[in-house]
Amino acid sequence: MFGTYVDLISTSMTSSSVIQRAKQQQKENYYFVELDQCFIRYRMEGEGKQTIVFATDPPAHLEDYDDLINHLKDDYKIVIFELPGFGFSLSKITMSYQFESCVNVLLTFLDTLNAAPYALAFPCASGYFALRMAEKSPDTISHLIMLQTPDWKEEQCWKKRLDPKHIMSTPIVGQLIMKTKKRDIAHQWIDFVCHTPEVGQHIQKHCAHNFDQGASYSLASALQVSLSKQEPQFTPLTQPAIALYGKSDRSHKTTNFHSIKKYFHSIDVFGLDDVGHLPELEAPQRVANYIQELLG
C-alpha cells in the first residue's frame, strides 16, 4: 500500500494544471468527471437504448478508439473511459487501488453517466472489476464482453511471467521505475503484445504526446494492489456474456482463456486469429460483429 503514495502524491501535486490543460485541448465528445477519489476522462458518442462501456487497455488512450467507435456508434451509445490512475484519469491523494474500492469508484462513474442499461467491455485485468460490478448492480449491467481476460489464477501466472524478478511488484521500487521509465515501458509493451504494427504505432504516438502532457501510467500500483495474489470471491453471473481473445498475444502464449467460464453460468469464448493483446483495437470490425450478435 505504501508504494501507491509515490503515485498519489506526485499526481495530486500536478493534477489541477494537467487536467486544465487537457480540457483546453480536448476534442468534441471528450469529457471529464470529478469523483471523490479521482478524475475520469471519457468519450461518449452514438445513439441507441443500449450503452456499451469500454475501459481503455493501458497504455492505450481514448484517442486510439476511433475505429471501434465508428463500427458501433450507429446502433449503440458508446462510452470509452481511462481507468483511474491511467491516461488523464488522474488519481487524488484519497485514491485507493484496493479491488473493492476501485469497483465502487467505477460504479459511481456509471451512475454519473445515467445511461443504463450497460454492457461492460473491460480488457485484461480490468475485466475483474466488470465481474464484481455486474454482481453488485445486475439491474443496470445487462451484458459483459470479456476482452483478453482469463480467470484470476491464470492472470497471476501472466503477471509472474511479465515480472519474474518481482521488480514491478515491489512497493516504491515499482512506482519509481514507472515514474522514470513509463514512456520506454509503454513503447516496449506495445511492441511485444500488439500483433498489428500500424495500430501499435498509433498507440505509441498517442502515448508520447499524452505523457508529455502529464498523462499517468500507474501500472505498478495497479499490479501490486488491484491485482493482488488473493483472489476475490466471485459469484457466477447470469448476464449474457462473451469472451474474446487475440491468439497472437505473446504475453499470453500459455494462458487458458477458457478458464473465464468459471465466473459465468454460460459464456461463449472466441479466439481471434492474427490478433494480439488488443482485439478491440486490432480487429474492431470483428469485435463489433461479436458484440452485435450478443446484444442484438
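Values as computed for the structure displayed
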read-out: Cα gyration tensor category, rounded, prolate or oblate, for region 145-296 with a/c compared to 1.5; value: oblate
read-out: Amide H partners (placed H, <5 Å) of Gly246, local residues excluded; value: Gln148, Leu272
read-out: Identified option (computed Cα Rg over 2.2 N^0.38 Å; candidates (i) 0.92; (ii) 0.97; (iii) 1.23); value: (i)
read-out: Proximal charge balance of Gln37 [Cβ under 15 Å; K/R count +1, D/E count -1]; value: -4
read-out: Residues whose placed amide H lies under 5 Å from that of Leu35, excluding near-sequence neighbours; value: Ile40
read-out: Relative contact order (%) - criterion: Cα under 8 Å, at least six apart; region: the chain; value: 22
read-out: Cα→Cβ-extended label distance, 7 Å offset, between Asp139 and Lys160, nm; value: 4.3
read-out: Under Karplus coefficients 6.51, -1.76 and 1.60, residue-wise ³J(HN,Hα) of region 94-102 in Hz, glycine/proline x; value: 8, 5, 10, 8, 4, 3, 5, 5, 4
read-out: About the Cα centre, charge dipole magnitude for region 1-135 (Lys/Arg +1, Asp/Glu -1 at Cβ), debye; value: 320
read-out: For the chain, size of Cβ-based charge dipole, Lys and Arg +1, Asp and Glu -1, in debye; value: 900
read-out: Extension gain, Asp66 back to Ile9 (0.36 nm per residue minus Cα-Cα distance, nm); value: 17.2 nm
read-out: Relative contact order computed over region 225-267 (Cα-Cα under 8 Å; 6+ residues apart), in percent; value: 55
read-out: Label-point separation in nm, Leu176 to Glu198, each point 7 Å along Cα→Cβ; value: 4.3
read-out: Rounded to whole Hz, the Karplus (6.51, -1.76, 1.60) HN-Hα couplings of region 215-232, x for glycine and proline; value: 4, 9, 8, 8, 5, 4, 4, 5, 5, 6, 10, 5, 10, 6, 5, 6, 6, x
read-out: When each of Lys182/Lys261; Lys23/Lys159; Lys49/Lys136; Lys92/Lys205; Lys136/Lys182; Lys27/Lys229 is checked by Cα-Cα distance, pairs over 32 Å; value: Lys182/Lys261; Lys23/Lys159; Lys136/Lys182; Lys27/Lys229
read-out: Rounded Å value of the spacing that divides the Cα centres of region 199-233 and region 1-34; value: 14
read-out: Charge-dipole axis of the chain as Lys and Arg at +1 and Asp and Glu at -1 on Cβ define it, positive-most pick from Gln50, Leu237, Thr94; value: Thr94
read-out: HN-Hα J in Hz across region 105-111 - Karplus 6.51, -1.76, 1.60, θ = phi - 60°, x for Gly and Pro; value: 4, 6, 5, 5, 4, 4, 4
read-out: Rough spin-label spacing in nm, given labels placed 7 Å along Cα→Cβ, for Gln292 and Lys92; value: 4.2
read-out: Under-5 Å amide H pairs with Phe264, H placed in peptide plane, nonlocal only; value: Leu237
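The numbers here are math on the coordinates, done by the rules we state, and not lab data. In this text, all values refer to a predicted model and were calculated from it rather than measured experimentally. With ideal geometry, Cβ positions are generated from the backbone for all residues, glycine too; neighbour counts draw on all protein chains shown.
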